[in-house]
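The values are calculated or read from the model by the stated rules, or taken from the named source; none is laboratory data. All values reported here derive from a predicted model rather than from experimental measurement. FYI the Cβ positions are ideal-geometry reconstructions off the backbone, even for glycines, and counts take in every protein chain you see.
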């Protein structure tokens, strides 16, 4: 590197050496091109290159395999498995806080969802959750607010972060539907 003598405006300019030319990579001696079908996508094209014909074919095969694997549909996860994951997440958080009441309510909420005891309510966004002890009775859950006596009693006592089993079941139901 060197600098040029001062220009009329008093500044110097730094002159950098030209970058070294990147050597061109040699073209592969053998090249194999193939069209193939990918389920759900249609026709695709792949190329395999190598120093020998067998190396080019091996690279072509690897390219096709990798392409098909990358385009595979993700495995379908059952609702029960997704509910199990939600329950596990909630139970871990409840255990960390040593909240045994929440652990019990989460388990009961999952049972309500598995039992088909949660359904859309009369208004937009509201859910109806069937009582475990009185099957003819349904509680309304709007957001996290429930019409059950447990929710009303706890919130009257100032527990603003309390969720009853019906509210938890409604949250799980919504998560599974989104």
(request) May I ask you to list the residues in the range 36-50 that are touching a strand residue (DSSP E or B) at 6+ places or on another chain (Cβ under 7 Å) and in contact (Cβ under 8 Å) with a residue 12 or more places away in the chain? (result) 36, 38, 44, 45, 46, 47, 48, 49, 50
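Table: residues versus (1) within 30 Å of residue 108 (Cβ to Cβ); (2) outside the structural domain of residue 111 (by TED's automatic domain parsing); (3) surrounded by 15 or more Cβ atoms within 10 Å (Cβ to Cβ).
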residue	(1), (2), (3)
30	no, yes, yes
40	no, yes, no
48	no, yes, yes
54	no, yes, no
57	no, yes, yes
61	no, yes, no
67	no, yes, yes
84	yes, no, no
92	yes, no, no
(request) Working only within the range 94-128, note down all residues that are surrounded by 16 or more Cβ atoms within 10 Å (Cβ to Cβ) and farther than 19 Å from residue 144 by Cα. (result) 114
(request) Output the helices (runs of 4 or more DSSP H) that fall wholly within the range 45-149 and possess 3 or more residues being under 20 Å from residue 176 (Cα atoms) and touching a helix residue (DSSP H, G or I) at 6+ places or on another chain (Cβ under 6 Å), or say none. (result) 79-96, 100-114
